[in-house]
1. With the structure loaded, tell me whether LEU82 is within 20 Å of GLY141 (Cβ to Cβ), surrounded by fewer than 19 Cβ atoms within 10 Å (Cβ to Cβ) and in contact (Cβ under 8 Å) with a residue 24 or more places away in the chain or whether it fails that test.
2. On the given criteria, is ILE72 more than 26 Å from LEU312 (Cβ to Cβ) and without any contact (Cβ under 8 Å) to a residue 40 or more places away in the chain?
3. Wholly within the range 105-207, which helices (runs of 4 or more DSSP H) include no fewer than the required count, namely at least 1 residues that are modelled with pLDDT of 75 or more and not acidic (Asp, Glu)?
4. Only one of SER29, SER80 is among the hydroxyl-bearing types (Ser, Thr, Tyr) and touching a Gly at 6+ places or on another chain (Cβ under 9 Å). Can you tell me which?
5. Hey, which of the helices (runs of 4 or more DSSP H) in the range 254-362, taking only ones fully inside, have at least 2 residues that are of a type in the set (Lys, Arg) and touching a residue at least 60 places away in the same chain (Cβ under 8 Å)?
6. Please determine, by comparing only the residues of the range 298-316 that are under 26 Å from ARG228 (Cα atoms) and among the aromatic types (Phe, Trp, Tyr), which one is surrounded by the most Cβ atoms within 10 Å (Cβ to Cβ).
7. Which one of LEU149, LEU142, LEU103 is in contact with a helix residue (DSSP H, G or I) (Cβ under 9 Å, 6 or more places away or on another chain), under 30 Å from LYS43 (Cα atoms) and crowded, with 17+ Cβ neighbours inside 10 Å?
8. From the list GLY350, GLY319, exactly one residue is of a type outside the set (Lys, Arg) and surrounded by fewer than 18 Cβ atoms within 10 Å (Cβ to Cβ). Which is it?
Amino acid sequence: MKISFNTLDRRLLMAMGLLTFMGLLTIFSAGRGSASQGHMWIKQAGWMVLGFGAMLAVAHMNPARLFRGSAIFYALGILSLLAVFAIGKKIGGAQRWIMVGGLTFQPSELMKWLALLFVAHRLGTKPPTEILTWELFGVAGLAFFPMLLVLKQPDLGMAISFLPILLLIPLIRGLKAKWVALGLVLMALLGVFAWQKVLKPYQKQRVMTFLNPNADLQGKGYQINQSRIAIGAGGILGKGFTSGTQTQLNFLPVKTTDFVFSVWAEERGFLGVLIALGLFGLLLNRILDIGRAARKASEVYFCVGAAGIFALHIFVNVGMVIGILPNKGMVLPFFSAGGSSTVSYFLALGLVMGIHRRTLGQ
């Protein structure tokens, strides 16, 4: 297999490359002066190099082969989620990781992309007019089942990241009023059920803290309050690289993962935030453009679902750090530290680029 950069989408590659570079700089600054996180940027750089190599390999594969193998990939992903309950490592009360060669692997990060691949393949086997209602419910189950397994770990933020896959179903049927109404009713019922039976006490507390963050600024509302202070301190142009007081004095919590965007905002200011969000917008636009030009329905559905997953993570993470959404612990693509998430995002973009190459006949 011959690998060439010239056959890749340059705008998508540019957006991804700049975001990756910005994220690595931010992780370096966030870990500076910390004994436990000082070398995290080196580890993250290694994951980025590995992810980039995996992306290049996937981009030069025939997408049809990957879609044909999606059922096997999906089954292996489900087995890995089940393995978490048997041999998974428990960290902070959650059992989400498997130890592989001394490294931790989070199967749910990859599973959402495997579920999307299989769902897109199943929906793309027939013209939309020939897909029966019961088949759509069956396809929805392909996303719901891993969602339930992830909730059991528990990991509410990761479970939510499966939701964009379900948006492919109204895309198939069209956004008719009855489907919108049905979706709203189901969301309301699921919300009530989740509050009563699914959410843990600490997860309910996050919602209550979101509704009234000022009630306990030194306790449950501490993270959001410090994040807001850091973002506000950035002003228009920011305090400069490694010069953010909230970051460097360790007032900002979880600053290499959940609140990494607060570090960027404090150091780069409002202008830096606009640049980052603009690059994310370019990334999403290119994924959708590639989907619109794709030749096969399954490729279109994968691109739309991929854009949905990226958009959800961006919206939830940024909304969380500025306090307009509850703290869900959802990572920001290419910014938050983490090997499983980093490699999975690169793999997903590799398939998107492969679809682009196939569309151009390369």
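1. Judged against the criteria, LEU82 is a match.
2. yes
3. Details: elements: 107-123, 133-151, 156-160, 163-166, 168-173, 177-193.
Correct list: 107-123, 133-151, 156-160, 163-166, 168-173.
4. Working: SER80 fails: touching a Gly at 6+ places or on another chain (Cβ under 9 Å).
Within the list SER29, SER80, the selection yields SER29.
5. 339-359
6. Taking the range 298-316 and keeping what is under 26 Å from ARG228 (Cα atoms), we get 309-316.
Filter again for among the aromatic types (Phe, Trp, Tyr), leaving 310, 315.
Values: PHE310: 21, PHE315: 14.
Residue satisfying both the conditions and the ranking: PHE310.
7. LEU149
8. Of GLY350, GLY319, the one residue that is of a type outside the set (Lys, Arg) and surrounded by fewer than 18 Cβ atoms within 10 Å (Cβ to Cβ) is GLY319.
The values are calculated or read from the model by the stated rules, or taken from the named source; none is laboratory data. What you are looking at is a predicted structure, and each value in this text was computed from that prediction instead of being measured. Methodologically, a virtual Cβ is constructed for each residue, glycine included, from the backbone with ideal geometry; neighbour enumeration extends over all protein chains shown.
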